[in-house]
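The values are calculated or read from the model by the stated rules, or taken from the named source; none is laboratory data. Everything quoted here is computed from the prediction, not taken from an experiment. Quick reminder, even Gly has a Cβ in these numbers, built from the backbone with ideal geometry, and neighbours come from all protein chains shown.
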Amino acid sequence: MKKKKILVTGGAGYLGTVLSEKLAKEGFNVRIFDRFYFGRDKIRHLDGTVEVVEGDIRNLPESLFDNVDSVIHLAALSNDPTAEFNPKANHAINTLATERLAKLAKKRGVGRFIFASSCSIYDLGMENGHGIRDEDSKVVPKAAYSTSKYKAERELLKLADRDFDVVILRKGTVFGFSPRMRYDLVVNTMVKNALSSGVIKIFCKGVQWRPLVDIEDVARAYMMALTAPSAKVNRQIFNISLGNFLVRDLAFDVAKTLKKYFKVNTKIIFENDDKRDRSYSVSADKAKKILKFVLKVSVEESIVRMVKGIRENKMTDFDNPIYYNIAWMRPILGKGI
C-alpha cells in the first residue's frame, strides 16, 4: 500500500521536529519544508527517513506539492515578542503566506490542510474576565501574533470544500522537551529558571490563566486530525488543551516536581509590578467528543521528561539565544528577512 505523503512546513521547529519524527515512525512519507533559521542539526537524526526541502514559506515552488496528500502547516513567526518586533514580517509570514500556501495546495490536489493556530486568540486581557471560551466564542484578538493567526483561519475556511479539507487546531501554550528546545514558553521558562538559578519569579501575582498542552500530546492531536474522517474534521476548529492553569499554581507544581525527582530546591518570588499580562481559559471538550482525543501527559510527567532531555542533550547553556525565539530572531528580523 502506498504511504501517504505529508508536507510539514516548519518541520525543523520546536513542534515540527517532534511531529515529523512521529509521522515517520507511523509509516508516513514525510517532506519537511523549513527556512532553518534555527539550524538543521536538530533533524539530522532523520536523514534518510524524511525528505528535506529548504526554502521560504513566502516564496515556495509548486513542485513542493508533488504527490502530497496532506499539509500540516506549522511554519510561522511564533510568539508575541517576535510578532511585535516586526509586525510586517509577522503578517506576511503568518497570514499572507499561509493563504498562498493553502491556495497552491488546493490547486495541486492536496486533500487536507491542517493549520497550527493558537488559543491566544481568545485573550481579552486580565481585566476583562476569565470565562471559559470554546470554538464558537466570539474572539477579537488584539496582539499582532494572535491577530495574524485569526486572519489566516478566516481565509483558510473560505477555501474548504468537499475535495479540500481545512482543519484548524488552536493549541494551548505548549510545553515539554524537544530537540529544538525553547525556554521562552511558560512551563519551560520556569523549569529553566529553577535549574539555572534556583528561583522562579512570578509577575501579576500569578493570577493569569493559561491553557497548557504537552508537546507529545500536541503531536498526537495533529496525527488524529490527519487521519480522522473528512465528515468529522473538515471546516472544523479544535481547541487542544490539557486544562487551564493559574501561573502561580504552575510555579509551585514545577518546584514540587523538581524537588521530588531531582532534589532541586526552588525559591518562588512574587515581584511587585503593575504589568498587564495575557490571561485566558478554554474548553477542549469538542476535541474529546469529535476526535475522541484524550490528553495523556501530565505537567509533572512532562517536567520529568524535560529535565532528563535537557541534561542528556547538554542543553544547560541556558543563556544561549538559540533557545529564545525573539533573542535569536531579532537580528534576522532587523535585517528585513
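Scan segment 183-205 and tell me whether some residue there is within 21 Å of Glu153 (Cβ to Cβ) and either free of Cβ contacts under 8 Å to residues at least 24 places away in the same chain or in contact with a helix residue (DSSP H, G or I) (Cβ under 8 Å, 6 or more places away or on another chain) (or both). Steps first, please.
Applying the first criterion (within 21 Å of Glu153 (Cβ to Cβ)) to segment 183-205 yields none.
So far as segment 183-205 goes, no, none of its residues is within 21 Å of Glu153 (Cβ to Cβ) and either free of Cβ contacts under 8 Å to residues at least 24 places away in the same chain or in contact with a helix residue (DSSP H, G or I) (Cβ under 8 Å, 6 or more places away or on another chain) (or both).
Mind listing whichever residues of segment 32-57 are under 18 Å from Ser70 (Cα atoms) and of a type in the set (A, V, I, L, M)?
Result: Ile32, Val50, Val52, Val53, Ile57.
Kindly provide the set of residues from segment 151-188 that are over 13 Å from the mean Cα position of the chain (by Cα) and hydroxyl-bearing (Ser, Thr, Tyr), ordered by number.
Tyr183
Can you tell me which residue within segment 237-286, out of those that are exposed (fewer than 13 other Cβ atoms within 10 Å of the Cβ) and polar (S, T, N, Q), is farthest from Asp134 (Cα to Cα)?
Asn265
Restricting to segment 105-117, name every residue that is among the small types (Gly, Ala, Ser) and crowded, with 23+ Cβ neighbours inside 10 Å. Lay out the reasoning, then the answer.
Quick first cut of segment 105-117, residues among the small types (Gly, Ala, Ser) only: 105, 109, 111, 116-117.
Selection gives Ala105, Ala116, Ser117.
Of (1) over 17 Å from Lys201 (Cα atoms); (2) loosely packed, with under 15 Cβ neighbours inside 10 Å; (3) basic (Lys, Arg), Arg305 satisfies all except one. Which?
(2)
Can you find even one residue in segment 154-164 that is outside any helix (DSSP H, G or I), at positive phi and not hydrophobic (A, V, I, L, M, F, W, C)?
Within segment 154-164, the first condition is being outside any helix (DSSP H, G or I), and the residues that meet it are 160-164.
The next check asks that each one be at positive phi; those that pass are none.
No, that holds for no residue.
Considering only segment 234-256, I want to know if a residue exists there that is over 14 Å from Lys171 (Cα atoms), of a type in the set (D, E, K, R), touching a residue at least 60 places away in the same chain (Cβ under 8 Å) and in contact with a strand residue (DSSP E or B) (Cβ under 9 Å, 6 or more places away or on another chain).
Yes, segment 234-256 contains at least one residue that is over 14 Å from Lys171 (Cα atoms), of a type in the set (D, E, K, R), touching a residue at least 60 places away in the same chain (Cβ under 8 Å) and in contact with a strand residue (DSSP E or B) (Cβ under 9 Å, 6 or more places away or on another chain).
With segment 230-306 as the region, which strands (runs of 3 or more DSSP E) entirely inside it contain at least 2 residues that are of a type in the set (S, T, N, Q) and out of contact with any His (no Cβ under 8 Å at 6 or more places or on another chain)? Break it down stepwise before answering.
Values: elements: 236-240, 243-246, 267-270.
So the answer is 236-240.
Could you grab me the full set of residues in segment 1-29 that are free of Cβ contacts under 8 Å to residues at least 40 places away in the same chain, over 20 Å from Thr98 (Cβ atoms) and either polar (S, T, N, Q) or touching a helix residue (DSSP H, G or I) at 6+ places or on another chain (Cβ under 7 Å) (or both)?
Correct list: Glu21, Ala24, Asn29.
Could you tell me which residue of segment 269-318 is nearest to Ala144 (Cα to Cα), considering only residues that are of a type outside the set (S, T, N, Q) and in contact with a Pro (Cβ under 9 Å, 6 or more places away or on another chain)?
The initial filter retains those residues of segment 269-318 that are of a type outside the set (S, T, N, Q), namely 269-271, 273-278, 280, 282, 284-297, 299-301, 303-312, 314-315, 317-318.
Filter again for in contact with a Pro (Cβ under 9 Å, 6 or more places away or on another chain), leaving 280, 282, 284, 309.
Working: Tyr280: 17, Val282: 20, Ala284: 24, Gly309: 32 Å.
Looking at residues that are of a type outside the set (S, T, N, Q) and in contact with a Pro (Cβ under 9 Å, 6 or more places away or on another chain), I get Tyr280.
May I ask you to verify whether Gly131 is more than 16 Å from the chain's Cα centre (by Cα) and at pLDDT 95 or above? Steps first, answer last, please.
Numbers: more than 16 Å from the chain's Cα centre (by Cα): yes; at pLDDT 95 or above: no.
The answer is no for Gly131.
Within segment 308-337, track down each residue that is without any contact (Cβ under 8 Å) to a residue 12 or more places away in the chain and crowded, with 18+ Cβ neighbours inside 10 Å.
If the condition is that a residue be without any contact (Cβ under 8 Å) to a residue 12 or more places away in the chain and crowded, with 18+ Cβ neighbours inside 10 Å, then no residue fits.
Restricting attention to segment 212-236, and to residues there that are among the β-branched types (Val, Ile, Thr) and crowded, with 21+ Cβ neighbours inside 10 Å, which single residue is farthest from Ile290 (Cα to Cα)? So that I can check it myself, show each step before the final result.
First, pick out the residues of segment 212-236 that are among the β-branched types (Val, Ile, Thr): 213, 215, 218, 227, 233.
Filter once more, so that each one left must be crowded, with 21+ Cβ neighbours inside 10 Å: 213, 215, 218, 233.
Values: Val213: 18, Ile215: 21, Val218: 16, Val233: 8 Å.
Ranking the candidates gives Ile215 first.
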